[in-house]
Amino acid sequence: MFQDRVLSGMRPTGAMHLGHYHGALKNWVRLQNEFPCLFFAADWHALTTHYEDPSVIESTVWEMFVDWLAVGIDPAKATLFIQSRVPQHAELTMLLAFFTPLAWLERVPTYKDLVERHAEKGRDVLTYGFLGYPLMQAADIMIYRANKVPVGEDQVSHIELTREIARRFNHLFGREKGFEEKAEAAVKKLGARKAKLYRSLRARYQEQGDAEALGEAQALVSDVQNLTLGDKERLYGFIEGGGRMILAEAESLLTETPKLLGLDGQKMSKSADNAIMLREPPESVTQKIRKMQTDPARVRRSDPGEPERCPVWNLHQVYSNENTRNWVLQGCRTAGIGCLECKQPVIDSINAELMPIRERAAQYEEDPTLVRNVIQDGCEKASDLADETMRDVRDAMGLNYT
Ligand code: TRP
Ligand code: SF4
């Protein structure tokens, strides 16, 4: 189909903690070596819930970027940008809104729940913007024709919605007068040999639903050099029958790592005061972990404990190898080791992990223009990519008239 492209975003929440690192950033660093990647600060998304205190956006955006760069996201490989600096996102969101059924948004599984949760904190999110926030997310993704979106479990339904909207768009606007004739003409442009192969793969897919044939036909089209984008879109669409494929269908990439919890065994977050920050000094890491609550049943050193009831065990699951984990299981259940002893390997691993991150962050803290320049550059690149899609979208929706 379209070229592989990864996109993900985060609401600006300021300096990042280990939960962000293990849940998302580490995966992003890996992905940037495999695919073209775009990562952005979703500052408009922050306004969907925090429209009453917009002043926090500025500092939280830059702090977040410092940490993205510090963990090794490399601007030479990935494009980093700010959503609101690419206002084309807003245009696409609005154009999608015209044909997005209200019921699709009301049925997003998290919607009603989130309205209540925010109300408990005194925030009224019974707004048009908050209901529309998954649609804005769909536009964030489709405006780059991204097909791979690394997200957490809670976001999977938003990616499904994105796919449904892409299909609806292609269905409504991918038709054009004389599509069949234009598609046939494009097939001829492939040359005799490839045209024959294309036709037989298309028949195999349409008559037998052969998914492999679909993939091969798409690869064939993708490799052709001398066709216009319009003809390529027709050829992609023609394999499956319908019309042109203007917007790509995205899928979520779930991160398969053990979840890193906070110091109290709950979800890690700065506001719950249970986080270890990526730029946390080593002494502070040591202190925080030494003070962590352990299995409440283990009152005295001589009492045996149960790792499953202890938040330190979660850290071992993320940081320790099998040997160390067995040492913990055995030592804890037989009271063979003390809790401070048990915590030490985790303290050492976290400090070793954070050392290069702190060092890299220091560079960017010293020279903020470094970060500003990376982002400026990224916003320009993102804007160029967004323009390509918007040209096709406006055209398909009949807006390119003179
Ligand atoms: N909604 C996401 C979150 O709250 C952030 C986000 C916005 C996003 N746009 C996106 C993630 C596009 C992936 C792709 O975490
Ligand atoms: Fe927790 Fe380790 Fe103490 Fe057991 S020995 S209670 S796992 S800190």
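The values are calculated or read from the model by the stated rules, or taken from the named source; none is laboratory data. Predicted model, so just to flag it, every value in this text is computed and none were measured. Backbone-built Cβ (ideal geometry, glycine too); neighbour counts: all protein chains shown. Heavy atoms of the whole protein, side chains included, go into the accessibility calculation; ligands, DNA and RNA do not. Shrake-Rupley method; radii C 1.70, N 1.55, O 1.52, S 1.80 Å.
Some values worked out for this structure:
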read-out	value
Within the stretch 62-94, considering residues that are open to solvent by 10 Å² or more (accessible area, probe 1.4 Å), aliphatic (A, V, I, L, M) and closer than 21 Å to residue 133 by Cα, the one farthest from ligand 2 (Cβ to nearest atom)	94
Residues satisfying the stated conditions in the stretch 41-55, i.e. farther than 20 Å from residue 65 by Cα and either within 16 Å of ligand 2 (Cβ to nearest atom) or open to solvent by less than 60 Å² (accessible area, probe 1.4 Å) (or both)	48, 49
Any hit, the stretch 263-275, residues being within 16 Å of ligand 1 (Cβ to nearest atom), over 30 Å from residue 181 (Cα atoms), part of a loop (DSSP other than H, G, I, E, B) and touching a Leu at 6+ places or on another chain (Cβ under 9 Å)	yes
Selected residue (criterion: nearest to the chain's Cα centre (by Cα)) from residues of the stretch 336-352 that are open to solvent by 60 Å² or more (accessible area, probe 1.4 Å) and within 16 Å of ligand 2 (Cβ to nearest atom)	348
Number of positions in the stretch 189-209 that are outside any helix (DSSP H, G or I) and open to solvent by less than 40 Å² (accessible area, probe 1.4 Å)	2
Flag if residue 299 is among the β-branched types (Val, Ile, Thr) and more than 30 Å from residue 78 (Cβ to Cβ)	yes
Residue check for residue 249: surrounded by 15 or more Cβ atoms within 10 Å (Cβ to Cβ), more than 16 Å from ligand 2 (Cβ to nearest atom) and at pLDDT 95 or above	no
Any chance residue 84 is polar (S, T, N, Q), in a helix (DSSP H, G or I) and within 14 Å of ligand 1 (Cβ to nearest atom)	yes
In the stretch 118-150, residue surrounded by the fewest Cβ atoms within 10 Å (Cβ to Cβ) [restricted to those that are of a type in the set (Lys, Arg) and modelled with pLDDT of 95 or more]	148
In the stretch 371-402, the residues that are open to solvent by 70 Å² or more (accessible area, probe 1.4 Å), part of a helix (DSSP H, G or I) and farther than 14 Å from residue 92 by Cα	372, 373, 376, 377, 380, 381, 384
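Listed here are the residues, each with its yes/no results for (1) touching a Pro at 6+ places or on another chain (Cβ under 6 Å); (2) within 14 Å of ligand 2 (Cβ to nearest atom); (3) in contact (Cβ under 8 Å) with a residue 40 or more places away in the chain; (4) within 28 Å of residue 16 (Cβ to Cβ).
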residue: 283; (1), (2), (3), (4): no, no, no, yes
residue: 313; (1), (2), (3), (4): yes, yes, no, yes
residue: 333; (1), (2), (3), (4): yes, yes, no, no
residue: 354; (1), (2), (3), (4): no, no, yes, yes
residue: 367; (1), (2), (3), (4): no, no, no, yes
